Each structure stands twice: as C-alpha cells, then as structure tokens.
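Just so it is clear, none of the values below were taken in a lab; they were calculated from the coordinates. Given the structure is predicted, the values throughout are model-derived calculations rather than measurements.
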Amino acid sequence: MNLQGKTALVTGSTSGIGLGIALKLAEAGANLVLNGFGDVEAAIAAVSAHGGQVRHHPADMSKPAEIEALVRFAEEQFGGVDILVNNAGIQHVAPVEEFPVERWDSIIAINLSSAFHTTRLALPGMRTRNWGRIINIASAHGLAASAGKSAYVAAKHGLVGLTKSVALETATTGVTCNAICPGWVLTPLVQKQINDRAAAAGGLDQARHNLLAEKQPSLEFVTPEQLGALALFLCSDAAEQVRGAAWNMDGGWLAQ
Ligand code: NAD
C-alpha cells in the first residue's frame, strides 16, 4: 500500500501498540506525527528508519488545550491529518468502590475524551479533502467487561460508541471511522498487570500464563506488528466500506 503524501497522527506512539502502528504506516510511506512520553528519541529513530518524515509533539492527552495544539502542530508541519489513530491509553485495576476518583477521571480523559477532541479537530480537514481514516484503538474491553476495570471498560465501550456515531456522520464521505479491539498484547501496560500478579501466581511465567488462560484461548499475545497490519488495511481502498466496525484481534477472547 502506498501512503506517500498522507500524514498520520498516532497518539501514544512512543511505546507498544501505537509505536507498532506508526512503524507500519511509516513503512507504507506516510509522514508521522508521534505523541507520548518516555523514550521519545528511540521512537523517533525507529519510525524514521522506516521512511517518511517524522515529528513528535508532547501533548498530554488528558488536556484539551494541548490536544488542540497537537492537531494544529500536525497541520502546520504537514498540511493536515489524513490518518488519525487514537491510541493513547492507561489502565488502573481496583474494585469500583475503592477506585481512586482521580484515576477514573484520568482514564476517561485519556482513553475516551481525547478521541472526541482529536476527531472534532481533525475531521474538518478530512472532509475538505474528502479522504480520511479515523482508527480508534479500543479493546476487547470495549465489547466485554472484566472485574476491577470499571473505568477502562466504561471508556472503551464509550470509544466504540463514539466510533459508530462518527462513522454514521461521515458515512457518505471518503472518511471512515473504525475501532480495533485488541486482546492481550505484551506491552508495558500489560507487563505491569503481570508484575502485580506475580507474587500470588508464584512467578512471572505463571502470572503470564494465567493472564492469557483466563481470557485468550490462543494462549498467545497479539503483537503490535499484527495490529499495525490491521490498521494499514483499514487505511486501504479495500476497506472503504468498513465503517463503524469494532474489529477484534484477540486470540479468540470474544468468541467465548
Ligand atoms: P503502552 O503503555 O505501551 O503505551 C501507551 C502510550 O500512551 C505510550 O506511548 C504513553 O507514553 C502514552 N500515553 C500515556 N498517557 C498519555 C497521556 N496522558 N498523553 C499522551 N500520551 C500518553 O500501552 P499499550 O498497551 O501499547 O496501549 C495502547 C492502547 O492500546 C491503549 O489505548 C490501550 O488501552 C489499548 N489496548 C492495549 C491492550 C494490551 O493488551 N496491551 C489491549 C487492548 C487495548
């Protein structure tokens, strides 16, 4: 696929799934605007090595003014956002009655509201050019729940709902909006959950096995590269009539 001349903005793309998607889009020739914290230089170097031009903007996706600055930055640098991947996300695990209120607020802001803000800001340009791809990285938890993850499950179900509404509002245009719903992917977000379970499980290997066995029948992790390939497909002409989908890639999680 040739994405030369297109610009992709991937939120939370300094690590894990976002970085995997950015690498695939860069490989196909897109210019990339990366976002996120941590080892920014390593992410820029990795994506640059795959081709296209690369920029990074440090917007905190919990802050609407910084999100606006991020989208404006992409417009200034490359003339607009053609592919918007809403990927930034965090997790916190606790029973609902003990759930820290500020963690609830952060999860809703970063995992859900940020996608509303990027979409409302990037969509006018996509409509003008009559081409766009909005890809929301939801989760198996956008379609089914787990105990202890009330904020995350609420945010991801909300993100699937936002995806459907935006898909309907753009249905007669060249802009599509879809969600990808990954199962377990071995990224820092999930490694933390494995570490938290290790003591009770009797070691990291057993904790990793238990985590998969509870939900993911394949007993294997989905990879960022596989999710990047799905995102790339959603950018293709062949996916023009894929609209409002919540596409799971989850080792069989949601088939149960
Ligand atoms: P990760 O922790 O590896 O990466 C998260 C990225 O988001 C990082 O680049 C981080 O810097 C960035 N980020 C975090 N808070 C931010 C903020 N306030 N502003 C800007 N950037 C911020 O996690 P991941 O597993 O790659 O998760 C990426 C997305 O995929 C999340 O939305 C997550 O919910 C979703 N997801 C992950 C899994 C999984 O098993 N790992 C499964 C389903 C869905």
Nonlocal amide H pairs with L34, under 5 Å, H built at 1.01 Å | R55, H56, H57
Approximate shape of segment 157-212 as ellipsoid semi-axes (Cα gyration tensor, √5λ), whole Å, largest first = 38, 9, 8
Cα centroid separation - segment 165-221 against segment 70-148, whole Å | 16 Å
Give me the log10 of I(q) over I(0) for segment 110-256 at q = 0.12, 0.20, 0.22 Å⁻¹, as the Debye formula computes it from C-alpha points; what are the numbers?
-> -0.54, -1.22, -1.38
Determine the equivalent ellipsoid of the chain by diagonalising the alpha-carbon gyration tensor, then write out the semi-axes as square roots of 5 times the eigenvalues, largest first, rounded to whole Å.
-> 29, 19, 18
With everything on Cα atoms, drop me the angle between helix 224-234 and the longest principal axis of the chain, reported from 0 to 90° to the nearest 10.
-> 40 degrees
Which values, in whole Å and largest first, are the semi-axes of the equivalent ellipsoid of segment 1-107 obtained as the square root of 5 times each eigenvalue of the Cα gyration tensor?
-> 28, 15, 11
